[in-house]
Amino acid sequence: MVEFEYRVVPAPVKAKRVRGLKGKGAQFAHTVEEMMNELGADGWEYLRADTLPAEERQGLTSKTTVFQNMLVFRRQTASPSAREAISKPAAAPLALPAPARSHGKEHLKAAAPQQAANEATTPKKPAPARAAKAARSAVTSPPTLYTALATRAAQLRGSKAPAP
């Protein structure tokens, strides 16, 4: 069975000016011809022109119906068996095992040497960026955020920070 895919594009409203063509009709025909040839080069076949109603807003509260001219193109798609062969994955992706979860602090002890090795090889971020990242990660819950904001406001006023 032959299957098609369709493409609908708005018809040109204004003709392009072309040197050597006389008259608005010839210029408009040339504009439509260019559009059809561009799509035809990509394998699209012209099917028909349609005029469809579309509702648009006019002002703040009212709506009006305008008519849009559309050009309809189609092209033949691959056969269903070819599409199925393309869409089937060659092999299922391998899933990595989930990391083991621990409720204790054993994971911190095991990660410490690796973290030290990573810190030695990676360049350091500038101090302001590290401080900003630390401030963002420290302020995660609403009570912590409130305390941080109250402390900063008190510092700006020049008084001592409120007791939590």
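Quick test of your reading of the structure: GLN27 fulfils all but one of (1) polar (S, T, N, Q); (2) in a helix (DSSP H, G or I); (3) surrounded by fewer than 10 Cβ atoms within 10 Å (Cβ to Cβ). Name the failing condition by number.
The single condition GLN27 does not satisfy is (3).
Given (1) at pLDDT below 90; (2) in contact with a Gly (Cβ under 8 Å, 6 or more places away or on another chain); (3) among the charged types (D, E, K, R), where does GLU119 come up short, assuming only one miss?
Just one mismatch for GLU119, condition (2).
Please go through the range 154-164 and give me each residue that is surrounded by 10 or more Cβ atoms within 10 Å (Cβ to Cβ) and modelled with pLDDT of 75 or more, ordered by number.
ALA154, GLN155
The values are calculated or read from the model by the stated rules, or taken from the named source; none is laboratory data. As the structure is a computational prediction, the values presented were derived from the model and not from experiment. Quick reminder, even Gly has a Cβ in these numbers, built from the backbone with ideal geometry, and neighbours come from all protein chains shown.
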